[in-house]
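Just below is one structure, and these are the notes that go with it.
The values are calculated or read from the model by the stated rules, or taken from the named source; none is laboratory data. These numbers were taken from a predicted model, which means no experiment stands behind them. All Cβ positions, even for glycine, are placed from backbone atoms using ideal geometry, and neighbour counts span all protein chains on display. Side chains included, ligands, DNA and RNA excluded: accessible areas come from the protein's heavy atoms. Shrake-Rupley method; radii C 1.70, N 1.55, O 1.52, S 1.80 Å.
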Amino acid sequence: MTRLPPGQRKLDGFPRFGGPFKPPTVPASPALEITGAVREPVTVALSELSTLPRTEQTSDFHCVAGWSATGLRWEGVGFTAFYRSIIEPQLSAATTVTHLVFRGLDGYRAIVPIDDALQNDVLLADRLGDQPLRLAHGAPLRLVSPQQYGYLNAKHLCGIEIHTSAPPIPLDFVLFRRHSRARVWREERNGMLPATVIRPIYRGLIRPFMWRGARGNWE
């Protein structure tokens, strides 16, 4: 039996949860733009990722609302390998990176501390379940960070910003305030409210958010 983090319940399947009704437009030649505290911005075509070692892993996905999809088979490039090969050579010796911001084509931004991003199970994934990643789950490329809640697993990646200090976390309504780490085994669901308060509220939102996520032309 799969052991789940505190407050999580196993869900059959892996639904698209929440987000906009309309899928983002994916460029014909998608790329990642590396910006921020680098010597100069770098654009990496996703086709170039084939030059880096491929990684396959089976891991679980934990939504902050309280459901988990288990045994997901991902394939892509380990983020640490990408960072060492692509990003690190663009840093000056005096640069101390503290945070990364993963940007999506849908405008979403996930702020991830560098120590969390460099865990050995973090992927830039382009395949799920032996199939190319679908738009519903973040095509053409998404971040997979199994130790953090899903809201930091940014979809439709188009850019990574390098930071030497913590960027401000978006000031969402307190009920949805993001935690700066979002570690699932510590139940860091919310940046202000304790997990015991948040659990029942978030669970009550699962059904309407599932309905919202199912709408639109997500292939």
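Give me a count of the residues in segment 34-57 that are within 16 Å of Arg142 (Cβ to Cβ) and open to solvent by 40 Å² or more (accessible area, probe 1.4 Å).
Result for segment 34-57: 3.
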Item to check | Hits in segment 111-136 (condition: out of contact with any His (no Cβ under 8 Å at 6 or more places or on another chain) and surrounded by 21 or more Cβ atoms within 10 Å (Cβ to Cβ)) | outcome: Ala117, Val122, Leu123, Leu124, Ala125, Asp126, Leu133
Next on the checklist: Return the pair list, or none, for Cβ contacts closer than 9 Å from residues in segment 127-153 that are over 22 Å from Thr80 (Cα atoms) to residues that are open to solvent by less than 10 Å² (accessible area, probe 1.4 Å) and in a loop (DSSP other than H, G, I, E, B), at least 6 apart or on different chains.
Outcome noted: Leu135/His156
Checklist entry - What residue, of Leu143, Leu105, is buried (at least 18 other Cβ atoms within 10 Å of the Cβ), touching a His at 6+ places or on another chain (Cβ under 6 Å) and at pLDDT 95 or above? => result Leu105
Next on the checklist: For the list (1) within 29 Å of Arg39 (Cβ to Cβ); (2) at pLDDT below 90; (3) open to solvent by 70 Å² or more (accessible area, probe 1.4 Å), I need the number of the one condition that Pro170 fails.
Outcome noted: (3)
Checklist entry - Yes or no: Arg3 open to solvent by 50 Å² or more (accessible area, probe 1.4 Å), farther than 29 Å from Tyr202 by Cα and without any contact (Cβ under 8 Å) to a residue 60 or more places away in the chain? => result no
Checklist outcome for this item: Checked segment 81-94 for anything open to solvent by less than 40 Å² (accessible area, probe 1.4 Å) and among the β-branched types (Val, Ile, Thr); matches are Ile87
Checklist outcome for this item: Going through (1) surrounded by fewer than 16 Cβ atoms within 10 Å (Cβ to Cβ); (2) within 18 Å of Gln119 (Cα to Cα) one by one, Gly76 fails only at (1)
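Output the number of residues of segment 134-149 satisfying the condition of being of a type in the set (A, V, I, L, M) and within 8 Å of the chain's Cα centre (by Cα).
2
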Checklist entry - If you take the residues of segment 54-88 that are hydrophobic (A, V, I, L, M, F, W, C) and part of a strand (DSSP E or B), which of them is farthest from Tyr151 (Cα to Cα)? => result Val77
